[in-house]
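Report on one structure; see the data block that follows.
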Amino acid sequence: MTLPMATPDTDLDLWLAQQTDKSLLRFLTCGSVDDGKSTLIGRLLYDSQLVLDDQLASLRQESRNRSVGEEGIDFSLLVDGLSAEREQGITIDVAYRFFSTDKRKFIVADTPGHEQYTRNMATGASNADLALVLIDARKGVLTQTRRHSFILSLVGVRHVVLVVNKIDLVDYDPAVFERIVAEYRAFAAPLGFTTLEAIPVSALRGDNILAPSARTPWFGGMPLVPYLETIAVGEDRVASDFRFSVQWVNRPDLDFRGFSGTVLSGEIAVGDGVVVAASRQPAVIARIVTLDGDLERAIAGQAVTLVLDREIDVSRGDVLARPGKVPEFSNQMQARLVWMHEEPAYPGRSYLLKLGAQTVPATITDLKFRTNVNTLENTAATKLDLNEVGTVTIATDRPIAFDPYAENPLSGGFILIDRLSNATVGAGTISYGLRRAQNLSYQNFDVDRSVRARMKGQEAQIIWFTGLSGSGKSTIAQPARKAAHRRGAALLYPRWRQCAARAQQGSGLYRSGAGGKHPPRGRSGAADGRRRAHRHRLVHLPVRERAAPGARDRRRGAVHRGLCRYPDGRGRTARPQGALQTRPGRRDQELHRHRQPLRGPAKPRTRAPWRRTRPRRTGRHPARLARQHLAFKVKAVGRMKKALLAALPDRWGFSTHGTAPIARCCAPWWKTRSARGS
Amino acid sequence: MPLQRLSHLQALEAESIEILREVAASFERPVMMYSIGKDSSVLLHLARKAFYPGRIPFPLLHVNTTFKFREMIAFRDRTAAEYGFELISHTNPEGLRDGINPFDHGSSRYTDIMKTQALRQALDAGRYDAAIGGARRDEEKSRAKERIFSHRNASHAWDPKTQRPELWRVFNTRLNPGESMRVFPISNWTELDVWTYIHAERIPIVPLYFAKPRPVVERSGTLIMVDDERLPLLPGETPRMETVRFRTLGCYPLTGAIRSEAADLPSIIMEMQASRTSEREGRLIDSDSAGSMEKKKQEGYF
């Protein structure tokens, strides 16, 4: 029995046209160890006559001392390619295999069954349209089967074929088959697969692979290969919203500026309007360039170069979409995370997040729960170990464009990269963005920033002073404003609520911090959106040394609570944010606690309370407190000044000769001109 | 009727172009391995597509063992002149000095010195952090397991047990100092895909792929083409003219020809469909042991 392979006939061109026009189905095989995944793929390759004579000869030789079918071949040897795999007789890594029939081309990912290689299984599943879940008829549904099915649903495989293998070893008993299918269906119901078909097969003997087997007359369904040939899996990616991920700005000369990338979904034609997801700047598609000539229209999956009708700021990582149908743009999101590294994931750790062409530093801010892959139960957890699945919230250093994974897998799946080892430590799918004020949208006014800037003869800049309260933001902002004012530039210094409105006026110098003024980042969706409308420069001041020892210690609720606020957001969760909104008194108290010396938990008293003890050195003595605070502030302000000078634009004059105004106000502590990094 | 879905060749092409762009955008010093074979020709064509109308933003590196077919070198120079890309040719100077050749030193030693070592030298010399290659997963079993972005440690070794997970089309391109990446944009293509693509896109390839009368000698069942006088003839051996072609190209003393009449692309594709042996059979270096390719890759072979 062989697959009906196309053979070149007289009309070669027609045949070639057929070859190039076939559809492509990517599927994977998964299941527990020894369920016969590799054997099944070997069988498919053998039956589609893709095992060639020289391979067959070497296979026969290697198949001695192994369990073999009627053909005298251990099919699993066809796929297990690594020496370690051959030695142990198991699959370690995903192997990709290719075969085709008259109707379809197939790319098969053969994935490992062993638990320790689950990450490799996820690798195979992420690009598959369909999954064959193998089950050993003698063993039924196993832990690994459940784990794999859950990961399939997690990475969005929507079509599943339950292959009950080794049916020959249970004497083709329909009762066994029915029992397994019922059990699996019950388990898989909440996973929400679009289709779920069950087929009893014997990979070793070839039952129900290509044609209905005479040995299973009780089975009325389609055999495996015909089913794979006919199932419609391609979700209509062309019909969904247009997304284009800019990978590369193509600028060979001054006359051409194109944006190369792949149409992730939807379609686009010359003359269509698009907006940049990050800046919401609109433009119109002027050309769709390829080597084969310009196109009128590009659809999902095509890699093209787009030329826009006007010069707008677009760079690698930007996402183009249609106006009104833009992706979410946020720096906080909820996601499901599969952990893939031996070093566990802890909330608070910082990683690099890569989604499409966007790479940003990101922090797991909260581990909401861990999902038990066997029972699908959610349980509280403090960390995620290798191969565990959890639901987390993630904060990125700057906002990124994404879609919920369920709506668009290509713009909703991300990986986490360890910042030191650069290993891929986790993979996640975004459930939804966490963002306040989703209903606010940006209004494009005719009298815009550039008009006002022209009128005033200046250019808008936002400077964000950020750092712990008391670190000297105001101290710097005041003289900076004076200096700018002296040069004729209007520098505004409002509270954060006024930021957005004042930014429209022309220039602005904004300060934000904790002491009574909310930092725009990560707090308010409104400020967030508006701020994007301007070029902004960050003077980022990592004030952390005072909190660091306590933070490493991480004793619950004792040492560092509310004190350490790292630039990446770590430690922030320790403060009760809800309460802060409504109780300013408490808030100030909390926020200024770092000014007080750090203390460990109270020691148990060892002396009798009535005996007079030496007064404890608490550090709360006002004089000592003041001294400490002063030293702290001087250090912080020195660093901030450095960063500020580096960030300010040249034309403001600070960088060349303008250090004096800032320096003067703090002169006793600074060497005026030496901090310029010269 | 407007295009509603991509055919599998269009899908493969788009995937490869995306990978090439990702390499150019993410690495400091990428380089493309150019072996002059059909896969390299396809890769070159894809690179031109990926960066059109710009130039290919990385150089092409050819590791010259000095035993390549003369027609290949001529084709290489012609192609470089036509498309104007930057071509770097490297030969292991020590191997050249010692006169390493496959006849006296054996194929495995020769391959190690003139190919593997030479490649490592060239990559180290250029401080390339990413090398793009034309390997496909259907070629060989250990290749079927390799990632598209395949991580190499500082000594260019591949560790199959610690491959990075590679999900969706999000590629982890980050490296520590000294490490490098091998990138295989046409991983998911099959030999048939390559040929049909060459046919559909009219990509120029080395004429050695087409059947023509050529001087050959037969050794243990393999037809070796006598490309120049360096091939030592055994006693009683005389080259005779036969109509042959090559399914794969490498160093002429190590590449077996097949008897064939296929002188154009359609007949090559037709012949391939009817054939019952695998592509790498013509390569003499793979047949040493079952894990030989994996071993070579761990040592840094492409």
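The values are calculated or read from the model by the stated rules, or taken from the named source; none is laboratory data. Treat the numbers as computed from the prediction; the structure is a model and nothing was measured. We place every Cβ from the backbone using ideal geometry, glycine too, and count neighbours over all the protein chains shown. For the accessible areas, the whole protein counts, side chains as well, though only heavy atoms, and no ligand, DNA or RNA atoms are used. Shrake-Rupley method; radii C 1.70, N 1.55, O 1.52, S 1.80 Å.
On the given criteria, is B:V170 within 13 Å of chain A (Cβ to nearest Cβ) and hydrophobic (A, V, I, L, M, F, W, C)? Spelling it out, B:V170 is indeed within 13 Å of chain A (Cβ to nearest Cβ) and hydrophobic (A, V, I, L, M, F, W, C). Can you tell me which residue within segment A:279-310, out of those that are touching a residue at least 60 places away in the same chain (Cβ under 8 Å) and hydrophobic (A, V, I, L, M, F, W, C), is farthest from the other protein chains (Cβ to nearest Cβ)? Checked segment A:279-310; the qualifying residue farthest from the other protein chains (Cβ to nearest Cβ) is A:L306.
Among the candidates B:R245, B:R230, which residue alone is in contact with a Leu (Cβ under 9 Å, 6 or more places away or on another chain), touching a residue at least 24 places away in the same chain (Cβ under 8 Å), within 21 Å of B:K68 (Cα to Cα) and of a type in the set (D, E, K, R)?
Details: B:R230 fails: in contact with a Leu (Cβ under 9 Å, 6 or more places away or on another chain).
Unique residue meeting the criteria: B:R245.
Inspect segment B:181-198 for any residue being under 29 Å from A:T429 (Cβ atoms), among the β-branched types (V, I, T) and within 8 Å of chain A (Cβ to nearest Cβ) and give the result as yes or no.
To start, the set of residues in segment B:181-198 that are under 29 Å from A:T429 (Cβ atoms) comprises B:181-189.
Remaining after also requiring among the β-branched types (V, I, T): B:183, B:186.
If we keep only those that are within 8 Å of chain A (Cβ to nearest Cβ) too, we end up with none.
Scanning segment B:181-198, I find no residue that is under 29 Å from A:T429 (Cβ atoms), among the β-branched types (V, I, T) and within 8 Å of chain A (Cβ to nearest Cβ), so the answer is no.
Annotation: of all residues in segment B:153-167 being within 7 Å of another protein chain (Cβ to nearest Cβ) and in contact with a strand residue (DSSP E or B) (Cβ under 8 Å, 6 or more places away or on another chain), the one that is nearest to B:A118 (Cα to Cα) is B:Q163. Scanning segment A:287-346 for residues that are of a type in the set (F, W, Y) and open to solvent by less than 20 Å² (accessible area, probe 1.4 Å) turns up A:F329, A:W339.
On the basis of being within 10 Å of chain A (Cβ to nearest Cβ) and open to solvent by 20 Å² or more (accessible area, probe 1.4 Å), does B:K141 make the cut? Criteria met by B:K141.
Of all residue pairs spaced 6 or more apart or on separate chains, those with beta-carbon atoms under 7 Å, a first member in segment B:83-96 that is among the acidic types (D, E) and a second member that is surrounded by 15 or more Cβ atoms within 10 Å (Cβ to Cβ) are B:E86/B:P59; B:E86/B:L60.
For segment B:13-44, the candidate set comprises residues that are touching an Asp or Glu at 6+ places or on another chain (Cβ under 6 Å) and more than 13 Å from B:F149 (Cβ to Cβ); within that set, the residue that is nearest to the other protein chains (Cβ to nearest Cβ) is B:E28. Name the pairs whose Cβ atoms lie under 8 Å apart, with the first residue in segment A:361-380 and without any contact (Cβ under 8 Å) to a residue 24 or more places away in the chain and of a type outside the set (G, A, S), the second outside any strand (DSSP E or B) and surrounded by 14 or more Cβ atoms within 10 Å (Cβ to Cβ), and 6 or more positions between them or separate chains? Qualifying pairs under 8 Å: A:F369/A:A381; A:R370/A:A381; A:R370/A:E388; A:N378/A:N372; A:T379/A:N372.
Annotation note: of B:I132, B:I88, B:I100, the sole residue that is surrounded by 15 or more Cβ atoms within 10 Å (Cβ to Cβ), more than 26 Å from B:V42 (Cα to Cα), away from chain A (no Cβ under 14 Å) and touching a helix residue (DSSP H, G or I) at 6+ places or on another chain (Cβ under 8 Å) is B:I100.
Can we say B:R174 is open to solvent by less than 10 Å² (accessible area, probe 1.4 Å) and either of a type in the set (D, E) or in the same structural domain as B:L43 (by TED's automatic domain parsing) (or both)? So B:R174 fails the test.
Against the criterion of being more than 11 Å from chain B (Cβ to nearest Cβ), closer than 30 Å to A:P323 by Cα and without any contact (Cβ under 8 Å) to a residue 40 or more places away in the chain, A:L196 does not qualify.
Once segment A:311-352 is narrowed to residues that are of a type in the set (S, T, N, Q) and under 24 Å from A:L420 (Cβ atoms), the residue that is farthest from the other protein chains (Cβ to nearest Cβ) is A:N331.
Comparison of A:R237, A:R147 shows that the only residue that is at negative phi, among the basic types (K, R) and open to solvent by less than 30 Å² (accessible area, probe 1.4 Å) is A:R147. Do we have any residue at all in segment A:113-125 that's at pLDDT below 80, open to solvent by less than 20 Å² (accessible area, probe 1.4 Å) and outside any helix (DSSP H, G or I)? Yes, segment A:113-125 contains at least one residue that is at pLDDT below 80, open to solvent by less than 20 Å² (accessible area, probe 1.4 Å) and outside any helix (DSSP H, G or I).
For segment B:167-195, how many residues are within 23 Å of the chain's Cα centre (by Cα), of a type in the set (D, E, K, R) and assigned to a loop (DSSP other than H, G, I, E, B)? So that I can check it myself, show each step before the final result.
Initial filter on segment B:167-195 (within 23 Å of the chain's Cα centre (by Cα)): B:171, B:173, B:179-195.
Narrowing the set further to residues that are of a type in the set (D, E, K, R) leaves B:179, B:182, B:191, B:193.
In the following step, the residues that additionally are assigned to a loop (DSSP other than H, G, I, E, B) were identified as B:179.
Going through segment B:167-195 one residue at a time, the tally reaches 1.
Out of (1) in a helix (DSSP H, G or I); (2) within 24 Å of A:F259 (Cβ to Cβ), the odd one out for B:A118 is which? (2) is the only condition that B:A118 fails. Being among the aromatic types (F, W, Y), in contact with a strand residue (DSSP E or B) (Cβ under 6 Å, 6 or more places away or on another chain) and open to solvent by 50 Å² or more (accessible area, probe 1.4 Å) is a condition met by at least one residue of segment A:245-258.
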